[in-house]
1. Only residues that are within 17 Å of TYR107 (Cα to Cα) and of a type in the set (Ser, Thr, Tyr): list them for the range 296-324, please.
2. Looking only at the range 90-112, count every residue that is of a type in the set (A, V, I, L, M) and touching an Asp or Glu at 6+ places or on another chain (Cβ under 7 Å) and tell me the total.
3. Write out, first by first residue and then by second, each pair whose Cβ atoms fall under 7 Å of each other, whose residues are 6+ apart or on separate chains, and whose first residue, in the range 25-38, is within 12 Å of GLY221 (Cα to Cα) while the second is surrounded by 10 or more Cβ atoms within 10 Å (Cβ to Cβ) and of a type in the set (S, T, N, Q).
4. Residue under question is ALA282, and the condition is that it be crowded, with 23+ Cβ neighbours inside 10 Å, modelled with pLDDT of 85 or more, under 17 Å from the mean Cα position of the chain (by Cα) and over 21 Å from LEU119 (Cα atoms); does it hold?
5. Could you list, in sequence order, the residues of the range 71-96 that are out of contact with any Phe, Trp or Tyr (no Cβ under 7 Å at 6 or more places or on another chain) and among the polar types (S, T, N, Q)?
6. State whether one or more residues within the range 218-237 are within 14 Å of PHE309 (Cα to Cα), modelled with pLDDT of 95 or more and surrounded by fewer than 23 Cβ atoms within 10 Å (Cβ to Cβ).
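The values are calculated or read from the model by the stated rules, or taken from the named source; none is laboratory data. On a predicted model such as this, the values are computed, not experimentally measured, just so you know. All Cβ positions, glycine included, derive from the backbone under ideal geometry; neighbour counts span all protein chains shown.
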Amino acid sequence: MGHIIDIVYSNLLSPMILFFIIGIIAVLVNSDLKVPEAFYMGYTMIILFTIGIKGGTELKHVSFMNTLPSIVAALVLSILMLAISYFFLRKIFRFDRTNSLAIAAHYGSVSAVTFVAALGFLDKMNVGYESYISAILVIMEGPAIILAIVVYQWWNKEKASSSNVGLGHAFKEAFFGKSIFLLLGGIVIGMIASEDGLQKIKPLFGDLFYGLLCIFLLHMGMVATQQLRELKGFRPHSFLFAFILPIIGGTIGVFTGDMIGLSQGGAFMLGVLSASASYIAAPAAISQAIPESNSGLYLGSSLGVTLPFNLVLGIPYYFWLTSIL
């Protein structure tokens, strides 16, 4: 117990988490602090491109067969979390069928912000991880979203056939939405660009990474708190699933990573991805393909509850779990 408390304490003192907490406080005290939209879009692009470029650079030196167990595990975990989430939401928390499926799609997908915060945590702890882990992030983004929409359209065959929003839109948002497109673009650049060329762009796509991430998390702290404030008509206990599902996903992900032979850092990152919930790609696809679902529910839970939980307490827990395996 003392070890996990030390890890939590160390995580809370990291600049990224402190910036996130300042964002929360800014909203609670009604500060007029705002992040300009153009600036937000700019540093988001830099952060996602940097993740992709770093992963692509490392993928040059890894064979496909070495990554295959992780790819299979990632796909299985994505679909498994969709199923587990739907079961909890429908059978235990008694949400209706449509909202259960919509929320489950978010928990079957992943959060790039949680991913980069976890990478920063590993760097602080001086723990290495598999070089291709950024590719696993990309792989886990879309499958649960697509499957959830397929299930929804199967439930509503007549409505789906007359709707202009079909699987084509879902595939586009899940695999070519802005976040996944920037990550894929970065991976391609990292894989084919020359070393000299990559060195020239390192000051922007590398050296500034953690500074920009801190500003990003400041903004996310503000947005998450605002989402919670805007939720009306739901009791706090209705959102207990937003704490339970990441613990389940993170635990399963860590044990799966250990079982397929990943390093401590790799198992930790697989756990983090399984524990995270999408609030960019999934909302964009679900809002169009499942319009009857309540956006306040899936954004309030994934962004307002699960993201802060993972950043503050989830990441230390998943790391502690890898340390005892």
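1. First, the residues of the range 296-324 that are within 17 Å of TYR107 (Cα to Cα): 296-311, 314-315, 318.
Matches in the range 296-324: TYR298, SER301, SER302, THR306, TYR318.
2. Within the range 90-112, the subset of a type in the set (A, V, I, L, M) is 92, 101-105, 110, 112.
From what is left, the residues that are touching an Asp or Glu at 6+ places or on another chain (Cβ under 7 Å) are 110.
Going through the range 90-112 one residue at a time, the tally reaches 1.
3. Going by the 7 Å Cβ cut-off, the qualifying pairs are VAL27/THR225; VAL27/GLN226; LEU28/THR225.
4. Working: crowded, with 23+ Cβ neighbours inside 10 Å: yes; modelled with pLDDT of 85 or more: yes; under 17 Å from the mean Cα position of the chain (by Cα): yes; over 21 Å from LEU119 (Cα atoms): yes.
Considered against the rule, which asks whether it is crowded, with 23+ Cβ neighbours inside 10 Å, modelled with pLDDT of 85 or more, under 17 Å from the mean Cα position of the chain (by Cα) and over 21 Å from LEU119 (Cα atoms), ALA282 comes out as yes.
5. Passing the criteria: only SER78.
6. Filtering the range 218-237 down to residues within 14 Å of PHE309 (Cα to Cα) leaves 220-221, 224-225, 228.
Cutting the leftovers down to modelled with pLDDT of 95 or more gives us none.
Scanning the range 218-237, I find no residue that is within 14 Å of PHE309 (Cα to Cα), modelled with pLDDT of 95 or more and surrounded by fewer than 23 Cβ atoms within 10 Å (Cβ to Cβ), so the answer is no.
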